[in-house]
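So the structure is just underneath, and the comments pick up after that.
Nothing in this text is a laboratory measurement; each read-out follows from the coordinates by a stated rule. Keep in mind the model is a prediction, meaning the values are calculated, not measured. With ideal geometry, Cβ positions are generated from the backbone for all residues, glycine too; neighbour counts draw on all protein chains shown.
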Amino acid sequence: MAVIYKKDKQNIVTLTLDLPGSSVNVINLEFGEGFTKAFARLQTETDLAGVVITSAKKTFMAGGDLEWLHAVEDPQVVFESAELLKDGFRVLETFGKPVVAAINGTALGGGLELALACHYRIASDNPKIKIGFPEVTLGLLPGGGGVTRLTRMLGLQEALPYLMEGKQINPDKAKALGIIDELAESKDDMLDKAKAWILSEPDAKQPWDKPGYRIPGGDPRHPKTAQMLAIAPAMLAKRTYGNYPAPEAIMSAAVEGAMLDFDTASRIESRYMAQLVTSQVAKNMINTFWFQLNEVNSGANRPDGIEAVDTKKVGVLGAGLMGHGIAYVSAYAGLEVILKDVSLEKANAGKAAIEKIIAKRVSRGRMTTEQQKDILQRIKTTESAADLASCDLIIEAVFEDRDLKANVTAEAEAQIDEHAVFGSNTSTLPISGLAENSARPENFIGIHFFSPVHKMRLVEIIVGEKTSDQTLAKAFDYVLQINKTPIVVNDSRGFYTSRVFSTYVNEGMALLGEGQHPRAIESAGLKAGMAVGPLVVSDEVSLELMTHIRDQTRKDMQAEGKEMPSHPANKVLDVMVLELGRKGKANGAGFYDYPEDGKKHIWPGLQKQFSLNGTEKLSQEEMIERMMFVQALETVRCHEEGVLSSVADANIGSIFGWGFAPFQGGTLQYINAYGVFAFVERSRELAQKYGERFMPPDSLVKMAEKGQTF
């Protein structure tokens with residue numbers, strides 16, 4: 001039974017949500033049937049005092065059935081399903097008896113919507129419990145009455161951030177906002193308080209069902225609210241570039257509904273819900289951020305049959321930007337850390353940088369001073385390799401120089417146990433080549449973090465030719481241990497993320513070299529959904545470093561008897577770095593100027609340096625497609641060559657690794673949504689106009705011919 005029905009001597013019925021065969025409660029057909037039966041029985045009770053709704057699971061309720069939402073194509077079916085669910089919720093809050101939600105665990109999405117349909121909400125006083133509406137992060141809106149009720153409960157100005165941004169809060173914060181009415185120390189205490197409230201409020205009604213009710217802060221016609229709403233759409237458009245329909249739909253449903261009676265507002269919400277669920281954006285985001293992310297985190301690419309073992313002590317070689325970031329996230333997760341550099345002074349400078357990160361969190365109330373002290377105590381700085389002896393994992397984070405990496409590898413391996421794992425944080429150098437300098441290449445692996453480490457969720461694990469399954473499992477478990485998302489790729493030059501990311505920045509430079517306006521290039525990148533424009537991110541990476549990596553790659557390929565393919569971006573790099581000495585943000589001058597007393601801005605001389613010279617001025621859509629196609633095509637090549645072993649790793653890696661447009665669902669999902677056959681045809685058109693880099697790989701052509709998708 002999805003809903004367990006139990007009546008006590010006080011004539012109070014407790015409905016316990018317990019969906020069979022599932023670790024969490026979700027709103028699906030089985031739940032709907034159980035809820036309908038339980039409610040029909042409630043209405044036959046002649047002496048009913050009230051109802052308590054709670055859960056037998058660790059969570060209260062997780063939300064809707066995403067498998068159904070991902071599969072459904074007919075908007076009418078979505079609308080009718082939403083209305084049917086909300087009819088049940090509406091009858092629950094209006095059938096004349098007090099109803100209390102006893103929230104014993106996390107209540108998200110549909111779970112919170114059910115709770116809001118109750119007259120009173122009591123939650124366990126547990127800071128780990130999450131309460132909120134995350135639907136927007138999947139391209140959806142809270143379609144079970146969430147928009148309509150939260151707006152009426154908090155007012156438009158207070159409710160919109162929690163609806164449009166997917167914020168999740170703990171019970172204490174929810175109580176301060178008014179979403180939760182009371183906190184309880186235990187489940188028994190919660191149920192006792194729920195029943196006591198029922199007996200004290202026999203005629204309970206929702207605020208919006210009482211005569212004279214007004215929305216807190218006023219409806220959209222109130223001067224203060226109208227002033228906020230006058231600028232809100234423009235602010236939203238500036239943030240989303242029109243790529244995300246869900247926040248727009250939520251705002252529209254909330255504002256339109258606030259002008260109308262409850263039932264009409266609820267129907268408007270259902271219509272927007274039907275529109276979003278059947279949109280391509282929602283299909284993309286549900287597929288990637290739910291199904292594929294769960295696939296990655298559950299260990300689909302972790303070797304089978306190897307028992308998980310926690311990492312106890314990490315040695316980090318190099319205390320620079322990446323090194324101290326790795327040390328911080330490791331210590332934050334509870335691991336002991338040895339932070340080593342060539343001098344104690346440099347190691348201490350790395351720890352000082354960690355202290356600044358932590359101090360900022362403490363000042364914002366996101367960390368206690370006790371936590372701050374514990375984290376810093378777990379980090380020991382040193383200049384001596386001997387201090388690495390007891391580490392079971394070493395992560396090297398020194399400069400991208402093969403000889404330097406070889407030296408620190410030998411120095412560390414001379415100290416550590418033969419079973420310890422050595423990981424390199426290299427972003428470009430092949431792992432198998434670096435492992436040649438290792439005494440134990442089977443224990444050698446790539447563990448590639450992204451900057452800034454404490455903010456970026458992804459870690460790319462790179463398997464070398466001799467890397468053992470035990471080493472891969474150890475690295476995978478460590479990444480989960482520090483609360484990051486691991487993708488696993490096979491060794492190649494640039495691996496997956498650096499290799500594909502470089503196509504984005506190179507295409508931006510190619511456009512610049514053709515004479516396209518730098519502001520138009522940056523705008524196209526942002527409109528495409530990328531986190532930042534290709535020119536500014538090139539500056540941040542460092543044009544000098546990009547030149548170094550290019551030259552090193554050319555040298556390596558020549559040593560292998562290969563020729564490095566030419567690319568129009570190379571000419572731009574040479575002009576910027578070698579001729580003009582504009583090496584990037586760190587040097588104060590790149591594609592942008594970085595004045596000490598003002599904001600960065602595009603270097604005024606850039607357009608003159610790279611003028612059109614008779615070249616066609618491209619439309620924004622043409623530039624967007626070039627930037628997106630070149631990334632998707634390189635991902636296909638990585639998949640074809642076996643660098644990538646799963647579509648999930650490709651999509652998650654592209655979004656979390658370098659900020660590929662989240663609404664597109666990742667680089668391979670972009671091709672699916674575009675249509676594989678249409679994508680191949682368009683690739684050929686782009687190749688004719690702009691070069692071989694746009695030619696579709698054979699594997700993609702065959703997929704198009706067979707009507708297959710990724």
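Between the Cα long axis of helix 469-481 and the first principal axis of the chain there is an angle of about 50°, rounded to the nearest 10. Across the stretch 391-512, the relative contact order, built from alpha-carbon pairs under 8 Å that are at least six residues apart, equals 22 percent. Computed from Cα positions, the angle between helix 543-559 and the longest principal axis of the chain comes to roughly 60 degrees. This structure gives Cα extents along the principal axes in Å, computed directly, and of [x] 163, 56, 51; [y] 88, 64, 57; [z] 67, 58, 52 that value is listed as [y]. Of all DSSP beta bridges confined to the stretch 413-560, the antiparallel ones make up roughly 30%. Shown for THR54, THR148, THR264, THR428: other C-beta atoms within 10 Å of each C-beta, ranked fewest to most, produce the order THR264, THR428, THR54, THR148. Scoring 412-425, 696-709 by mean Cβ neighbours within 10 Å over their residues and listing the highest first yields 412-425, 696-709. Within the chain, DSSP assigns beta bridges of which about 25% are antiparallel (rounded to the nearest 5). Legend: ranking of residues VAL100, VAL572 from fewest to most surrounding C-beta atoms inside 10 Å; resulting order VAL572, VAL100. Counting only alpha carbon atoms, the long axis of helix 29-42 and the longest principal axis of the chain meet at about 20°.
Exposure proxy for MET228, MET285, MET1: other Cβ atoms within 10 Å of each Cβ, ordered fewest to most, give MET1, MET228, MET285. Start at zero, step by 10 Å, and the Cα-Cα distances of the stretch 243-331 spread as 13, 21, 21, 17, 17, 9, 0 percent across the bins. Computed over the stretch 313-492, the convex hull of the alpha-carbon atoms projects to a mean area of 8.9 nm². Put the Cα centre of the stretch 570-609 next to the Cα centre of the stretch 238-265 and the gap is 42 Å. Summarise the long-distance tail of P(r) for the stretch 133-183 by giving the % of C-alpha pairs beyond 19 Å. In whole percent, the long-distance tail amounts to 21. Only Cα pairs under 8 Å and 6+ residues apart enter the sum, and on that basis the relative contact order of the chain stands at 9 percent. Across the alpha-carbon set of the stretch 577-657, the Rg to Rh ratio works out to 1.12, Rh being the Kirkwood radius. Please figure out what share of the DSSP beta bridges in the stretch 313-492 is antiparallel and state it in percent, rounded to the nearest 5. Within the stretch 313-492, antiparallel bridges account for around 15 percent of the total.
With only the Cα atoms considered, the stretch 201-354 has a convex hull volume of 290 Å³ per residue.
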